[in-house]
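Derivation of every value follows stated rules applied to the coordinates shown; laboratory data play no part. Bear in mind the structure is a predicted one, so any value in this text is a computation, not a measurement. Every residue, glycine as well, gets a Cβ built from its backbone with ideal geometry; the counts of neighbours run over all protein chains shown.
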Amino acid sequence: MRRAFKIHMWPVWVLALATQGKSFKANPVIGSRILNTLGLHMLRVLLARVAAHLRWLMLAHKMPRELRRAFQRDGFCVVPDFLDMDTLDALRAEIKGYSGEVRQMTQGNTATQRILLDDDALNGRPALAAVSGNKRFLDLLAYGGATAIRPILYIQRIRNGFRSGKADPQKTMHSDTFHPTMKAWLFLEDVKTEDGPFTYVRGSNRLTWKRFKWEYQRSRVAAHIADGYSEKGSFRAGPEDLEAMGLPAPEGLTAKAGTLVIANTNGFHGRGQAKDGASRIELWAYSRHNPFSILPGLGLKARLRIEHAILHRFWCHKDKVAEAKNSRASWHLIDAQDMLD
């Protein structure tokens, strides 16, 4: 309630309605039970979907028809053998020799380790640079993200059973946010069931009447769902929720090295259950921009460089804040060999 009396913040909270802002907990307008009972959240959901479909229409030429059909029907599409073995070998060799900045976050008993593929990381690594700038690759990601703006790319390793402790919250099925977004995985190693494959609830990307009713009811109380994530706008869905929405059980997408998977992470997804010590390494892509824009934007490299610079400044700021508290940032620096051993 104290937040409601911060008069100077109300313009910011209201303006956030026209952005990708999603936290029911941090923004009392987005999280208002009264406004969401009147349909505020669902109005944002509907407007964002209309805008996304307009952008998908404008970007349809970037993805073959059969892949587009699978993506819109299932919420994801799979491109086997996107990379040949020679390219995979070259990528693995360049990654193995990497000695630059690596950051790690630990959630529950799982560690996520990432190398940002900025100009410094790509310099002197021709195979990584070629794949990162590959037109076919970027075209497929553009359609998946409903935006021509270039995605952020990382080399990512997921380490299961990294430490003892609570369960990994990313292994609970969840929707990232209220609007269509894209994440993609270009697997650099075979991913088997025991490795914890990317898992998706097929068809959960579609706004059916049952999904609409479930999300409406969830939005009315979302500011007080104490799971740590739903309050922030990333709704969790257990088996009973999926059943209420008429959705199938989650499906682990095992894959051969070189396979590309592109997913709409507004659908329910998560990491698969895995044996302790199992890991997977991949080129990971992420794209999330203003959900209400009806234009797909431009894929300018200059914009991507600015986003990289902002990320580095943000991480450095978090490092300094954590150091002042004798702690470490959520995304903290680690030695490259801790990721690439």
**Complete:** Highest mean packing first, using Cβ neighbours within 10 angstrom, the peptides 31-40, 306-315 sort as 31-40, 306-315
**Asked** Ranking LEU188, LEU138 by Cβ neighbours within 10 Å, fewest first, what do you get?
**Response** LEU138, LEU188
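Rounded to the nearest 0.05, what FRET efficiency is calculated for ALA309 and LYS232 with R0 set to 35 Å and r the Cβ-Cβ distance?
That pair, ALA309 with LYS232, gives E of 0.85.
Can you sort ILE294, ILE95, ILE152 so the residue with the fewest Cβ neighbours within 10 Å comes first?
In order of increasing Cβ crowding within 10 Å: ILE294, ILE152, ILE95.
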**Item:** Whole-Å distance, taken between Cα centres, linking the stretch 269-303 and the stretch 21-76
**Value:** 16 Å
**Request:** With only Lys, Arg, Asp and Glu charged, each at its Cβ (+1 for the first two, -1 for the last two), find how big the charge dipole of the stretch 2-340 is about the Cα centre; round to the nearest 20 debye.
**Result:** 1420 debye
**Prompt:** Can you give me the relative contact order of the chain as a percent, contacts being Cα pairs under 8 Å and 6 or more apart?
**Reply:** 29 percent
**Message:** Which one, ILE306, LEU186, ALA257, projects farthest toward the positive side of the charge dipole computed for the stretch 2-340 from Cβ point charges (K/R +1, D/E -1)?
**Reply:** ILE306
**Item:** Proximal charge balance of LYS275 [Cβ under 9 Å; K/R count +1, D/E count -1]
**Value:** -3
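For the chain, what does -39500 (n - 2.57) per DSSP helix run (n ≥ 4), summed and divided by total residues, give at 222 nm, in deg cm²/dmol to the nearest 500?
Rounded to the nearest 500, it is -10500 deg cm²/dmol.
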**Request:** Check cross-link reach from LYS166 to the lysines: straight Cα distance under 28 Å, and skip same-chain residues fewer than eight apart.
**Result:** LYS22, LYS25, LYS183, LYS192, LYS232, LYS275, LYS318, LYS320, LYS325
**Request:** Have a look at ILE281, LEU333, ALA51 and report the one farthest towards the positive end of the charge dipole of the chain, computed about the Cα centre with Cβ charges (Lys/Arg +1, Asp/Glu -1).
**Result:** ALA51
**Fill in**
Per the charge dipole of the stretch 10-144 (beta-carbon charges, Lys/Arg positive, Asp/Glu negative, Cα centre), the residue among MET85, SER132, LEU35 reaching farthest to the positive end is LEU35
